[in-house]
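Single-structure report; data block below.
The values are calculated or read from the model by the stated rules, or taken from the named source; none is laboratory data. Fair warning: this is a prediction, and the values are worked out from it, not measured in the lab. A quick note on method: Cβ atoms are made from the backbone with ideal geometry, for glycine too, and the neighbour counts reach across all protein chains shown. Accessible surface is based on the protein model in full, side chains and every heavy atom, while ligands, DNA and RNA are left aside. Shrake-Rupley method; radii C 1.70, N 1.55, O 1.52, S 1.80 Å.
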Amino acid sequence: ATNHEHSFDEAAMLLEMFQPVMPPATFAGLVFAAVENKSTDSKLPSALLEMAKSHKSPIVRLAIASGCQRLTVDQRKPIVAALLAHEEDKADHNLPLMYWYAAEPAVAGDPQHGIELAKKAKIPLIREFISRRLSALATADAKGDVAKVDVAPLNLLSKLLGETDDAAFQKDIVIGMADGLRGWPSLPTPEKWSSAYEKLAASSDEAVRSRMQELSVVFGEERALASLRKTIADNAANLGDRRKAVEALVGAKDRKVVPLLQNLIADASMRAAALRGLAAFDDSKTPELILSAYEKFDTQTKVDALNTLASRSVYARVLMSAVQSKKIAKEDITAATLRQLAAIEDPEVQSWVVNAFGRVRSTPEEKLKEIERWKELLTRKVHADRADPVRGRAMFAKTCQQCHVLFDAGGKVGPDLTGSNRADLAYVLTNVVDPSAVIGKDYLMSIVKTKDARVLSGIVKKDDGNAITLQTEAEQLVIPKSDVTLLKEQPISMMPEGLLAGLKRDEVRDLVAYLGTARQVPMLATEQNAANFFNGKDLTGWTGDPKLWKVENGEIVGKSGPEGLKRNQFLFSHIAAGDFRLTFKVKLIDDKGNSGVQFRSEAMEDGEAKGYQADVGPGWWGKLYEENGRALLWKESGEAHVKKGDWNDYQILAVGSHIKTFINGKPCVDLDDPPGAKRGIFGLQLHSGEPTEVRFKDIKLEVDPKSAVSEAK
């Protein structure tokens with residue numbers, strides 16, 4: 001069979017002869033060699049078809065699938081169909097993929113054949129791949145232009161969904177369609193899609209429901225759009241579902257979502273998604289609504305707000321006026337925002353950027369001088385001794401964290417800094433002062449302008465011919481190429497120049513100190529980041545054992561098992577504070593066990609905490625304890641003020657050496673303690689011993705020393 005001198009028919013005859021007596025692995029090699037070396041115009045395809053139908057060895061079926069690559073598309077069709085009937089191969093790591101490589105040309109060349117093959121296939125992955133390939137085929141030649149989409153393959157898939165009641169089959173088809181059409185915000189509605197939506201929109205399978213909704217939004221099915229709007233407006237709905245709904249409707253350019261997004265500016269849990277979504281729509285109410293709430297935003301949310309205000313000419317004029325009138329601090333405008341503003345084709349805005357902020361770019365000589373100036377300043381002993389990496393982490397969060405990961409926290413727009421040469425001052429200054437000096441192509445910035453006059457800046461992560469995927473400072477966007485009027489790659493880094501120009505000397509000193517740390521340090525609380533002390537949805541910004549700590553319905557829940565705990569366990573916040581006011585509600589289920597709130601503390605290497613603890617628990621309510629330190633500092637109990645087994649309002653106030661606590665408005669601790677720590681992190685405790693369940697909610701951290709001092713006095 002492998003000898004070139006044998007004819008094709010003789011090879012087929014030899015295969016039939018040796019099949020019963022050869023070991024599967026040896027025979028598989030013979031099959032492959034026969035197809036590899038012979039022309040394909042006679043009996044061999046028929047022999048392979050019979051083996052594909054009946055051979056029990058997966059090794060032989062693998063050889064047949066591989067051999068199909070050497071056959072014509074028409075010769076392989078029946079063989080592939082026979083292979084796909086082997087349901088026992090669905091969990092194999094290799095066979096479904098090899099079958100697909102053999103099937104794909106026939107599916108792409110004849111969509112109706114693909115539909116028939118999907119009906120017969122017993123392998124879920126193949127059905128999904130067929131659906132994905134046909135969906136991609138519909139948009140293959142469109143180049144982002146909806147008018148050029150070939151809806152015929154989508155019609156076939158839509159009809160197929162209506163013809164089957166097999167839930168698993170339906171799931172494979174809708175998953176494949178959704179994957180194949182990802183990146184398209186809108187497409188023509190396929191025939192019979194309305195009936196398919198009626199059939200599957202209420203499926204018991206969450207994956208089917210979500211993909212059907214995703215597809216129906218793309219196809220402009222009004223019932224799906226209305227359902228998503230309802231989800232967005234429902235405060236009781238799952239936050240993840242609400243945010244996905246915003247993303248879907250913004251992608252579909254659904255104008256009816258604009259009022260909903262504007263209302264959500266007041267909702268802390270949905271605010272970021274709303275601000276980002278509003279950038280996609282030109283609406284005269286948006287900039288003023290953002291400005292009216294801007295002062296209350298935390299640092300990250302302010303960045304989202306500024307990116308939206310810098311996204312189009314009309315909005316940029318409002319932003320310009322707000323900075324000029326000092327409604328928005330000039331220091332809030334990042335270099336990245338300035339680049340976006342400078343790309344707006346509005347002479348008044350461009351003139352303002354230059355006059356108010358100066359030209360960002362400078363000559364290489366000037367940059368070298370700036371590097372040397374900072375190097376000399378930062379190496380002075382007086383500055384080095386005062387360096388505060390805890391404060392520096394707060395500066396990193398404000399200026400760098402949106403784009404860079406450091407110690408597993410941050411965005412992934414730019415490189416991960418954890419493994420970089422951060423401790424080398426020259427390295428840090430060179431990369432910050434002159435980020436475009438040495439730049440990888442993956443981090444070149446592009447300016448994108450769209451038909452609706454929106455301006456964006458970011459890194460083009462992907463261009464598939466139909467859409468570009470743009471990674472901005474705040475999010476990743478998929479933009480149809482038909483909507484793009486300008487795409488221009490800049491010979492500069494996505495990391496903005498002039499980063500240090502907007503910082504004070506001590507801020508630069510502390511930022512550099514943090515960048516050089518060998519391990520993660522806490523982040524100093526500021527008025528901006530304190531607003532996100534606990535985000536109400538997950539434990540971002542906290543560290544603890546996930547088996548003991550979780551978030552339910554906006555509450556932090558600590559719960560030990562029926563065996564209790566052999567040692568204390570803590571959930572530590574990444575935030576550190578000096579003078580502060582912390583308010584929260586706490587419920588100790590059945591008033592059993594013991595808990596407490598650490599403040600001005602530190603996390604020890606063995607998992608324990610050291611520092612002040614406001615106590616929670618029978619016999620301990622309202623007392624003040626120093627964990628792993630001086631023990632009990634305030635012995636008087638606040639038990640009389642406690643609502644046992646119910647929610648209790650707790651307040652901790654620390655100003656200088658003075659500490660005060662309150663339970664349900666009644667004073668408990670009132671202690672002046674000069675030897676105690678003046679700054680540290682926060683933590684929640686599950687005490688060793690009997691089983692405990694404790695819940696915390698409505699957690700609010702205020703960093704306002706002036707009002708705190710007067711209240712402490």
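A few notes on this one:
- Counting only helices (runs of 4 or more DSSP H) that fall entirely inside segment 51-117 and contain at least 2 residues that are among the small types (G, A, S) and over 18 Å from D172 (Cα atoms), the qualifying elements are 58-67, 95-109.
- Any chance G240 is in contact (Cβ under 8 Å) with a residue 12 or more places away in the chain and out of contact with any His (no Cβ under 7 Å at 6 or more places or on another chain): no
- Those strands (runs of 3 or more DSSP E) lying entirely in segment 583-665 with at least 3 residues open to solvent by less than 10 Å² (accessible area, probe 1.4 Å): 595-603, 609-616, 648-655, 658-663
- Counted residues, segment 266-291 - those being under 20 Å from the mean Cα position of the chain (by Cα) and of a type in the set (A, V, I, L, M, F, W, C): 9
- Tally of residues being among the β-branched types (V, I, T), in a helix (DSSP H, G or I) and open to solvent by less than 40 Å² (accessible area, probe 1.4 Å) across segment 389-411: 1
- Selection count where residues are open to solvent by 50 Å² or more (accessible area, probe 1.4 Å) and closer than 15 Å to Q69 by Cα, scope segment 83-103: 2
- Some residue of segment 231-248 being more than 24 Å from N535 (Cα to Cα) and of a type in the set (K, R): no
- Test: residue in segment 266-276 that is in contact with a Pro (Cβ under 8 Å, 6 or more places away or on another chain), buried (at least 17 other Cβ atoms within 10 Å of the Cβ) and touching a residue at least 40 places away in the same chain (Cβ under 8 Å): no
- Contact map, segment 101-119: residues that are at negative phi and among the acidic types (D, E) paired with residues that are surrounded by 15 or more Cβ atoms within 10 Å (Cβ to Cβ) and part of a helix (DSSP H, G or I), Cβ distance under 8 Å, separation 6+ or inter-chain. Pairs shown: E104/F129; E104/R133.
- Candidates W549, W621 - the one that is modelled with pLDDT of 95 or more, touching a helix residue (DSSP H, G or I) at 6+ places or on another chain (Cβ under 6 Å) and not acidic (D, E): W621
- With respect to (1) open to solvent by 50 Å² or more (accessible area, probe 1.4 Å); (2) outside any helix (DSSP H, G or I); (3) of a type outside the set (A, V, I, L, M, F, W, C), the lone exception for K244 is condition (2).
- Candidates in segment 353-388 are the residues that are open to solvent by 100 Å² or more (accessible area, probe 1.4 Å) and modelled with pLDDT under 75; of these, the one that is farthest from S325 (Cα to Cα) is R361.
- Filter pass, L249 being of a type in the set (A, V, I, L, M, F, W, C), closer than 19 Å to A474 by Cα and in a helix (DSSP H, G or I): yes
- Some residue of segment 170-193 being free of Cβ contacts under 8 Å to residues at least 12 places away in the same chain and either out of contact with any Ser or Thr (no Cβ under 7 Å at 6 or more places or on another chain) or more than 18 Å from L137 (Cβ to Cβ) (or both): no
- Residue within segment 236-243 that is closer than 29 Å to K451 by Cα and in contact with a helix residue (DSSP H, G or I) (Cβ under 8 Å, 6 or more places away or on another chain) present: yes
- You will find that of A142, A138, A178, the residue that is buried (at least 19 other Cβ atoms within 10 Å of the Cβ), at pLDDT below 90 and within 22 Å of I468 (Cα to Cα) is A142 and no other.
- All positions within segment 607-638 that are closer than 21 Å to L565 by Cβ and touching a Cys at 6+ places or on another chain (Cβ under 9 Å): A614, W621, K623
- Taken over segment 170-216, the criterion of being β-branched (V, I, T) and farther than 16 Å from V149 by Cβ is satisfied by I173, V174, I175, V208.
- Filtered residue count, segment 452-492, keeping only those that are polar (S, T, N, Q), over 17 Å from A310 (Cα atoms), assigned to a strand (DSSP E or B) and touching a residue at least 60 places away in the same chain (Cβ under 8 Å): 1
- Residue match in segment 415-434 (condition: of a type in the set (G, A, S), open to solvent by less than 20 Å² (accessible area, probe 1.4 Å) and either out of contact with any helix residue (DSSP H, G or I) (no Cβ under 6 Å at 6 or more places or on another chain) or part of a strand (DSSP E or B) (or both)): no
- Test: residue in segment 280-289 that is open to solvent by less than 10 Å² (accessible area, probe 1.4 Å), modelled with pLDDT under 95 and within 29 Å of S216 (Cβ to Cβ): yes
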